[in-house]
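Data block below; observations after.
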Amino acid sequence: MSKKVRRMLLGFALGMIAIFFLGTSERKVHASTATYMKSLKDGINLGNTYETGVEETKIKDPAVAKKIVDNLKKQGYSTIRLPITLNKHFDKKTGVVEDSYYKEIEVMLKAAIDGKLQVILTMYGDSYQWLNDMSNQKATIDLYKKVWKQIALHYKSYSDYLSFEGANAPYYNKKNQSEQLMILNKMNQEFVKTVRKTGGKNSKRTLFISTLNGAVTEEACNSMAAAYKKLKDDNVAVSVHYYGLWSFSVNACGKTTFDQMVKKDISTFVALVKKKFISKKIPVVCTEYGLYGQETENQSINVGEQQKYYEEFLYQVKKAKLPVLLWDNGKLYNREQGMWTNPALRKLFVAAKKSRSSYVNTDSIYLKKGSQMKDKSLMLTLHEGNLKSIQVDGKALVLNQDYEVKGNKVTIKAEYLKKVVDQHAADLGQYQTMLFQFTKGAPFGVHIYGYNSAILSTNAGTVNGFTIPTSFNGDRLITMESFNTSHQTRGPITYSTFQEYGNSFEPDYENGAIELKKAFLSTLKEEQTILVFHFASGEVKTYTIKRSKDVIQEVNYKKTTALPSPVVTKVPTQDATQAVTETPVASIVPSPTATDQSIAAMSPVDGQKKHNNGIMYSIFLGIIILLLLVYSLYFLRKRSMQRRLLEHESTEKSADSSIDK
């Protein structure tokens, strides 16, 4: 073998060694975890099933459970998160969980696993019912370990389709942030250690650990990243939540529309996830996403604004490769029937997998009865497609007759609007939905309403409850301001005159009333408070109340006042464009601030890619060993020949020396 060939072989071997060690310098991910993380593409929470303890829709029939699994798979879901609350179902000394509770859970759990759905079993309500009490830290942590030991032992032989989450959005009462982060790191460490010790499939089962309160902030993420590294366990992933900018998510502070501030909050969240977790090869999943305010019966967030929010969120998490699980407690999706409350929202979710969706600047046009019809201009936000048509009940409107298009501006002609009003001459409320169809993505609905001005009547009540008899007359309430005669803010929110929908006020369309909540009324002083109600039509109504001790009454109220019966109009239909997500239990929602700190969602490493890389590294290693073996044999053989030659030359020299003598 020539010297040149030998050098080439040696260089090749050294190069392969370098590739091997550089390639394996990243964290190794267990094959089952890699596959598991890759499968977490589209998931949903089965909330209000086993975690609330009250008014649950427990799934007790295996046949029903199987039907639910089949329906979820038809919807394209590969993962469910199953929240459970053990607080009332285990011995507080031994941590032993009641057999009856296991049996309840396993109806759904087994059906999901048999149907090859990934299942994240999470300790949910316990986070705010007893785990948050650290008055005796050692006792709480010891009990936590006992409970998880029992759960882990019970499920140790279950397949890799099952994973555990230590606690849902944990937080700790009467502790500052630094103390809470230290406690959380300890709890997560004990959770992982406890489960691993039980052996069986738990030795490498995927485990999720949550950031503090499920939030994505610099402090929470830095603490989690450092704690994750210390675990030295590659089958652990991080769990976070995202519910958007707080003021938009609950409809407070006048934040009623999807705007640049809401969009920026999503971008900031995704950027932080990438920086703190993805770039460090830390697997991470957003185990809950949605909007808090959608728990209210009358939809505190306009349906079109919800759709815009979800479009942006799903686009950004897809780009960042973040797996996300929708929060739903049964109001969004009827599990047994396999039907969505708002089918258009599901269309948006499906479309988001392939392309972006476009939308219109508003989802409603309000036409006042008796007013002169005028053209209505709408603006399009086009992402990857163009406007294809506008349809009503499957029939396309006529371009340049019913509407015109110039660039991103669409004008609905007055003649068309007058025709719609004439067809519903005796009606108030929603008339029709114009479905804007685009060449790519999901459709967007714009609803046409007929209305008259809302009428608010006088009334009296107490701080425990006050209702304003209201004839909505086809209009919808959007938000409410409150302040005194000096324009000083009044209500639970003090940094904005706009109060929170659902917490301070809420419309009751069915019974013709606006309800003022105790949380709002109890904060009022003994003075006049001016309430300003903003309606979807753009109209504004002012209503003044006065508090005297615990009595609340409208300023013109008299006991002899005959209250007119409110005109109860048809409740505006939340139809095919409605986008709904459920909020979790209110007690775990972080307190709002003026800057609206948001809660977040995240993304894991593509584990399967690492697994495939591992196979390539093994092949490289085999080639290296073979080359080194060949080179070693050649080297040993050459050294042996050189040694024999030297011995032969030495013998000849000795013989020559003897002859000379």
Quick count over region 507-517, residues being open to solvent by 20 Å² or more (accessible area, probe 1.4 Å) and more than 13 Å from LEU531 (Cβ to Cβ), is 3
Counting only residues that are in a loop (DSSP other than H, G, I, E, B), among the aromatic types (Phe, Trp, Tyr) and open to solvent by 10 Å² or more (accessible area, probe 1.4 Å), region 94-134 contains a total of 1
Filtering region 144-172 down to residues that are part of a loop (DSSP other than H, G, I, E, B) and either touching a Pro at 6+ places or on another chain (Cβ under 6 Å) or at pLDDT 95 or above (or both) yields TYR155, LYS156, SER157, TYR158, GLY166, ALA167, ASN168, ALA169, PRO170, TYR171, TYR172
Taking region 437-447 and the residues there that are surrounded by fewer than 21 Cβ atoms within 10 Å (Cβ to Cβ) and more than 26 Å from the chain's Cα centre (by Cα), the one that is nearest to SER364 (Cα to Cα) would be GLN437
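Okay, residues lined up against (1) part of a loop (DSSP other than H, G, I, E, B); (2) in contact with a Lys or Arg (Cβ under 7 Å, 6 or more places away or on another chain); (3) among the polar types (S, T, N, Q); (4) modelled with pLDDT under 95:
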| site | (1), (2), (3), (4) |
| --- | --- |
| GLY330 | yes, no, no, yes |
| GLU336 | yes, yes, no, yes |
| VAL350 | no, no, no, yes |
| SER357 | yes, no, yes, no |
| LYS374 | yes, no, no, no |
| SER377 | no, yes, yes, no |
| GLU384 | yes, yes, no, yes |
| VAL405 | no, no, no, no |
Next item on the list: Check whether at least one residue in region 496-504 is out of contact with any helix residue (DSSP H, G or I) (no Cβ under 9 Å at 6 or more places or on another chain) and not charged (D, E, K, R), and report yes or no.
Entry: yes
For region 262-283 the number of residues that are in contact with a Phe, Trp or Tyr (Cβ under 8 Å, 6 or more places away or on another chain) and without any contact (Cβ under 8 Å) to a residue 60 or more places away in the chain is 2
Those residues of region 401-447 that are β-branched (Val, Ile, Thr) and farther than 16 Å from TYR359 by Cα come to a total of 2
Among MET434, MET480, the single one that is under 23 Å from TRP246 (Cβ atoms) and either open to solvent by 20 Å² or more (accessible area, probe 1.4 Å) or modelled with pLDDT of 95 or more (or both) is MET480
| Quick one: is GLU415 in a strand (DSSP E or B), out of contact with any Leu (no Cβ under 7 Å at 6 or more places or on another chain) and either charged (D, E, K, R) or open to solvent by 40 Å² or more (accessible area, probe 1.4 Å) (or both)? | no
Test SER300 against the criterion of being in contact (Cβ under 8 Å) with a residue 12 or more places away in the chain, in contact with a helix residue (DSSP H, G or I) (Cβ under 7 Å, 6 or more places away or on another chain) and in a loop (DSSP other than H, G, I, E, B), and give yes or no. yes
(1) in contact with a Leu (Cβ under 8 Å, 6 or more places away or on another chain); (2) under 20 Å from ALA351 (Cα atoms) all hold for VAL285 apart from (2)
Expected single match for within 24 Å of VAL96 (Cβ to Cβ) and either free of Cβ contacts under 8 Å to residues at least 40 places away in the same chain or assigned to a helix (DSSP H, G or I) (or both) among GLU190, GLU179 is GLU190
When you check TYR543 against the structure, is it crowded, with 16+ Cβ neighbours inside 10 Å, at pLDDT below 95 and within 24 Å of ALA454 (Cα to Cα), yes or no? no
### Task
Please work out if ALA220 is aliphatic (A, V, I, L, M) and without any contact (Cβ under 8 Å) to a residue 40 or more places away in the chain.
yes
Considering region 485-506, residues that are of a type in the set (S, T, N, Q) and loosely packed, with under 15 Cβ neighbours inside 10 Å, and then whichever is nearest to VAL250 (Cα to Cα), we arrive at THR494
Counting only residues in region 386-403 that are of a type in the set (Gly, Ala, Ser) and assigned to a strand (DSSP E or B), the one farthest from TYR309 (Cα to Cα) is identified as ALA396
The lone condition LEU367 fails out of (1) modelled with pLDDT of 95 or more; (2) surrounded by fewer than 16 Cβ atoms within 10 Å (Cβ to Cβ) is (2)
THR122 vs (1) modelled with pLDDT under 95; (2) under 24 Å from ILE209 (Cβ atoms): all pass except (1)
Just one listed residue, out of LYS58, LYS38, is buried (at least 18 other Cβ atoms within 10 Å of the Cβ) and modelled with pLDDT under 90, and it is LYS38
Margin query: One residue is enough: does region 86-93 have a residue meeting the conditions buried (at least 22 other Cβ atoms within 10 Å of the Cβ), among the aliphatic types (A, V, I, L, M) and either touching an Asp or Glu at 6+ places or on another chain (Cβ under 7 Å) or at pLDDT below 95 (or both)?
Written below: yes
Reported set for region 426-446 where residues are of a type outside the set (A, V, I, L, M) and in a strand (DSSP E or B) is GLY429, GLN430, TYR431, GLN432, THR433, PHE436, GLN437, PHE438, PHE444, GLY445
Scanning region 535-550 for residues that are in a strand (DSSP E or B) and free of Cβ contacts under 8 Å to residues at least 60 places away in the same chain, the one farthest from GLY465 (Cα to Cα) turns out to be VAL540
Checked region 510-527 for anything modelled with pLDDT of 95 or more and within 24 Å of SER471 (Cβ to Cβ); matches are ASN511, GLY512, ALA513, ILE514, GLU515, LEU516, LYS517, PHE520, LEU521
Quick check: anything in region 316-325 touching a residue at least 40 places away in the same chain (Cβ under 8 Å), open to solvent by 10 Å² or more (accessible area, probe 1.4 Å) and under 25 Å from GLY445 (Cα atoms)?
yes
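The values are calculated or read from the model by the stated rules, or taken from the named source; none is laboratory data. What you are looking at is a predicted structure, and each value in this text was computed from that prediction instead of being measured. Glycine also receives a Cβ, built like all others from the backbone with ideal geometry; neighbour counts cover every protein chain displayed. Please note that ligands, DNA and RNA were not included when accessible areas were found on the heavy atoms of the full protein model with its side chains. Shrake-Rupley method; radii C 1.70, N 1.55, O 1.52, S 1.80 Å.
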